[in-house]
Amino acid sequence: MPVLNFTVNGVPRTVHLEEGRVMLSSVLRDSLGLTGTKVGCGTGQCGSCTVVLNGRAVTSCTTPAEKCEGADVLTIEALAEGGVLHPIQQAFVDAGAIQCGFCTPGLIMRLYALLTVNPDATDDILAEEINKHLCRCTGYEAILAAARLARERMKK
Amino acid sequence: MTLQHVGKSVPRVDAVKKATGEACFVADITLPRMLRAKVVRAGIPHGKILSIDTSAAEAMPGVKKVVTGQGCSMLFGTCLWDQPPLAVDKVRHAGEAVAVVLAETENQAEAAAKAVKAEYEKLPFVLDPVEAAAPGAPLIHEKNGSYRRVEYSVHPVPGTNIFHHYKLRKGESEKGFADADVTVEGEFEFPISSQAPIEPHGAICRFSADGSMEIWASNQAPFVLRDVLADMFTIPASKVRVHIPYLGGGFGGKSDVSIEPLVAYAASFVPGYAVKLVLTRKEVFTSALVGRGMKGRMKIGAKKDGTFTALKAEMYFADGAYGDTGWPVDTVAGHNCTGPYEFPHVTVDVYGTYTNSPIVGAYRGYGHPEGQLMSSRLIDRLARKLGMTPGEIMRKNFLSEGRQNALGQVIKKSHGDLPGCLAAVEKALDETPLPKNDDRFLYGRGIASMMKSPKMAANAASTCTVQVNADGSAFVNLSGIEMGQGVQTVFAQMAAEALQIPMEKVKSYPDVDTQFSPWEWQTVASMQTYRGGRAIQDACGQIIDIARETAAKVWNCSPSLVAYRNGECVHPNTGETLSLGRLARGFMAPDGLTIGAPLGATGWYRVPGIVEPDPETGMGNAAGSWTFGSQGCTLRVDRQTGEVKILHFASAFDVGKAVNPATARGQVTGGVVQGMGAALMEKILFTDDGVAKNVNFPAYKIPRLKDAPEKQTVVLLETPNPEGPWSAKPMAEHPIVAVAPVILNALRDATGVEFTTLPVTPDTILEALGAKEAR
């Protein structure tokens, strides 16, 4: 059985991979119990499974697990360590950007990857990143507002 | 008393858990001794099953069991029992289940599913509902007409594919058309679409050796599901326990039942094991529930001054392989196709047909968008024919106090202010002048008004239990499913308001468990704030009565003299108080002697007087409440690419009272974008072989941020409604109802082309513009 060694939310992990096609999303959810990462389409189109891999936002449902050897992965569970919400999470709450909540963790992780590197991301860049995600509930208005609010708060 | 909680945009109570990933959805649940299921699908739209060979699959690693429909005599349903949990002797659509593989891991189940070999004798198939209803069409159900059904409501035509014919006869439409100075008519199509919640459907089921069963499901209707499973397996409902975690969107596609009977049937072969199935996105399109699927024609007659004289409509629904979830959609489409207008004479025929396509069920506002697409487009056309504005025609015919709708119900003032909604939309759009057409862009504006009734079972009700704790905090439990619409938040707001205590002291848990949660019909038809709110008022009122009775005993006075305010009973003379917490377990004297009942109560509400429509006329008090609204937009068409950009979309609904204005706005902005998808993008396509083909994102395109309107205006009117809790009315599905006709009316304004078939894609527009120039 192949073995994957990588770091998840700052903790070194060793996971035995099942034979066949195993994606990062399944390792996170099924092997490590990190179910905050959601799977909505299995083809990288909806963005719900987005995590941060070596500093970049990736769709974990299309990222083969074996490609993650030695990688550093951050999931939604890492953001509110100690029970205090990250400013992006708090912005989603405050801006009313959450309805069913299934797309929320993926959106937050993509914005995390963006705003921690580029705190001055323009509205166009924010829109470009949010456009990689599908949300069927909100009509996106409040999600864009949350991203702007998060950008503003993270600068302080 | 001024309201403390109702009417305030308080933050959602579920937002933090959803922002941290803590919120639990069905796919997140793992049970001990759990098998994973993978389903083998038919792959052909219609055929006799000759053989299914499971031997190779059964021998594969990790496989515990392969279940087929062989020997299964079960049919499940709620009003029409026509569906087996998986195909028995024939397959009726390409996404139908023919076998389920149960294995230790998902990969093992998937590998083994590929090894199941099924052989079929192909049968002719039919996808189009008009063709399906015609004589000589391939017969999909030989037993149509003889299935068990609720005979008052479901009207099949034996020997055909028509499993439900709803007819509405108000007045004499021939006479109405004879009185008309002008008529308009057209043919329309609202294609099969996916509700496309981002969370795929899932279920986990476990049978116990003691004869009981439990199921965890992404489902809007736990008590319907419980009763369907109890009926299917002939076990008492008390031995079926349904758990519902958070839902990642529903939009009707998770109401009634969909995949659960299949999972339960498979699990029944492996008692003691839990069986988990989470659909792939492809299966959400092919094998859960889809929506719409209407082809229709409508004719409207009017006097020269715009007054309507008659309406006649025919609608055919491609309801798919089975009809139990489709027939109510058909009936409602008939009820509501007039839109919010008075027609003295109405003739409507709606045919629910079996077709070899995925099963149609509820989809946000079901029946309403389909029927009102036709009336709202025709009103736009009539206005031009009469040289009036669409707004003038609407105002002339709006349902208003004392007027009668197509069901024969007399409209009350509390049903809402349509002229007010229309004026609000016109005002919002008029704030920006319509740009002039130029070399690159065409601009247009469209408008439509809508109504929506909550179609429900006549006995539909909500119950609510409230329990006060010794610290004065309270549990408020209902079985309204939290699927994004924000019921948990408005429940807490309303309970805090009724008990006059801070919201932090109220907890309404989202997890529904049919063993403990109070009975509820189901979370559909936008009824939780309205009907659930009344149940909360009832339960909280009882709590206050019990508290006052106990306080009166303590103070040795009449309960009627005890006042209640801010969570406390107040002594009539001394002003002394007893808090809810102090009375929670009865009042305990210093020596321990305790008097009075504990503070717990069950409240309920049923919309009174609802009946099923009369089988002959289709009329009657079949809808308990109405919400009215208007919507309009300004859009831009790119002449080169055919792409449409909505510059401004304005909506106004008379919601009676916006219990939480922020979440209400969220329902509108989301509904508008979902409706925009239907108008411009979404349609399930089929290959020539009858197999759905665009069954994943992005082949099936739903709106992204960049597709959304540049600006949305949302106006919420609040006409007092004594039937609603604090005046509130249903409003969650409503924002989708008029969106497609608004956009198509605006496209007509921009391009001069009468679009009647959804979706209007860039290619459709380019083709139409090209044809126009060629003329």
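The values are calculated or read from the model by the stated rules, or taken from the named source; none is laboratory data. As the structure is a computational prediction, the values presented were derived from the model and not from experiment. We place every Cβ from the backbone using ideal geometry, glycine too, and count neighbours over all the protein chains shown.
Structural remarks
- From the list B:G291, B:G296, the one residue that fits, being under 26 Å from A:T43 (Cβ atoms), of a type outside the set (A, V, I, L, M) and either without any contact (Cβ under 8 Å) to a residue 12 or more places away in the chain or surrounded by 24 or more Cβ atoms within 10 Å (Cβ to Cβ) (or both), is B:G291.
- Being in contact with a Ser or Thr (Cβ under 6 Å, 6 or more places away or on another chain), more than 7 Å from chain B (Cβ to nearest Cβ) and of a type in the set (G, A, S) is a property that does not hold for A:G83.
- Residue within the stretch B:580-598 that is without any contact (Cβ under 8 Å) to a residue 40 or more places away in the chain, assigned to a loop (DSSP other than H, G, I, E, B) and within 26 Å of the chain's Cα centre (by Cα) present: no
- Taken as a whole, the structure leaves A:V39 outside the set of residues that are among the aliphatic types (A, V, I, L, M), more than 8 Å from every other protein chain (Cβ to nearest Cβ) and within 16 Å of the chain's Cα centre (by Cα).
- A single entry from B:I765, B:I743, B:I736 fulfils the requirement of being over 24 Å from the mean Cα position of the chain (by Cα), crowded, with 21+ Cβ neighbours inside 10 Å, β-branched (V, I, T) and farther than 30 Å from B:A42 by Cβ: B:I765.
- Single residue of B:G533, B:G567 found to be of a type in the set (G, A, S), in the same structural domain as B:G480 (by TED's automatic domain parsing), under 30 Å from B:G250 (Cα atoms) and surrounded by 17 or more Cβ atoms within 10 Å (Cβ to Cβ): B:G533
- Scope the stretch A:67-77; condition part of a helix (DSSP H, G or I) and at the interface with chain B (Cβ under 10 Å from one of its Cβ atoms); matching residues: A:I76, A:E77
- Among residues of the stretch B:91-112, those that are within 30 Å of the chain's Cα centre (by Cα) and either outside any loop (DSSP other than H, G, I, E, B) or assigned by TED's automatic domain parsing to the domain that holds B:N356 (or both), counted: 5
- In the stretch B:356-393, residue surrounded by the fewest Cβ atoms within 10 Å (Cβ to Cβ) [restricted to those that are within 18 Å of B:K304 (Cα to Cα) and acidic (D, E)]: B:E392
- Condition met for B:P191 (under 24 Å from B:V329 (Cα atoms) and either within 14 Å of chain A (Cβ to nearest Cβ) or outside any strand (DSSP E or B) (or both)): no
- In the stretch B:657-714, the qualifying residues are those that are of a type in the set (G, A, S), assigned to a loop (DSSP other than H, G, I, E, B) and more than 17 Å from B:P191 (Cα to Cα), and the one that is nearest to the other protein chains (Cβ to nearest Cβ) is B:A708.
- Subset of the stretch A:99-125 [at the interface with another protein chain (Cβ under 9 Å from one of its Cβ atoms) and without any contact (Cβ under 8 Å) to a residue 40 or more places away in the chain]: A:Q99, A:C100, A:G101, A:T104, A:I108
- Among residues of the stretch B:756-775 that are within 17 Å of B:F441 (Cβ to Cβ), those with a beta-carbon under 7 Å from a residue that is of a type in the set (D, E, K, R) and at pLDDT 95 or above at least six positions away or on a different chain give the pairs B:P762/B:E643; B:L769/B:R639.
- Output for the stretch A:8-42, where each listed residue is surrounded by fewer than 15 Cβ atoms within 10 Å (Cβ to Cβ), at pLDDT 95 or above and not aliphatic (A, V, I, L, M): A:G10, A:P12, A:T14, A:H16, A:G33
- The residues in the stretch B:15-26 that are more than 7 Å from chain A (Cβ to nearest Cβ) and either among the hydroxyl-bearing types (S, T, Y) or not in a loop (DSSP other than H, G, I, E, B) (or both) can be counted, and the count is 2.
- Matching option when the condition is surrounded by fewer than 21 Cβ atoms within 10 Å (Cβ to Cβ), of a type in the set (K, R) and more than 14 Å from every other protein chain (Cβ to nearest Cβ), among B:K427, B:K455: B:K427
- Test for B:P45: is it surrounded by 19 or more Cβ atoms within 10 Å (Cβ to Cβ), touching a residue at least 24 places away in the same chain (Cβ under 8 Å) and not in a strand (DSSP E or B): yes
- Candidate set: the stretch B:710-733, residues that are surrounded by fewer than 24 Cβ atoms within 10 Å (Cβ to Cβ) and of a type in the set (A, V, I, L, M, F, W, C); chosen: the one farthest from B:S625 (Cα to Cα): B:V714
- Any hit, the stretch B:429-447, residues being within 24 Å of the chain's Cα centre (by Cα) and in a helix (DSSP H, G or I): no
- For the stretch B:75-84, the criterion of being over 30 Å from B:G480 (Cα atoms) and at pLDDT 95 or above is satisfied by no residue at all.
- Looking only at residues of the stretch B:481-526 that are assigned to a loop (DSSP other than H, G, I, E, B) and within 14 Å of chain A (Cβ to nearest Cβ), we find that the one that is surrounded by the fewest Cβ atoms within 10 Å (Cβ to Cβ) is B:P510.
- Check on B:R12, within 14 Å of another protein chain (Cβ to nearest Cβ) and assigned to a strand (DSSP E or B): no
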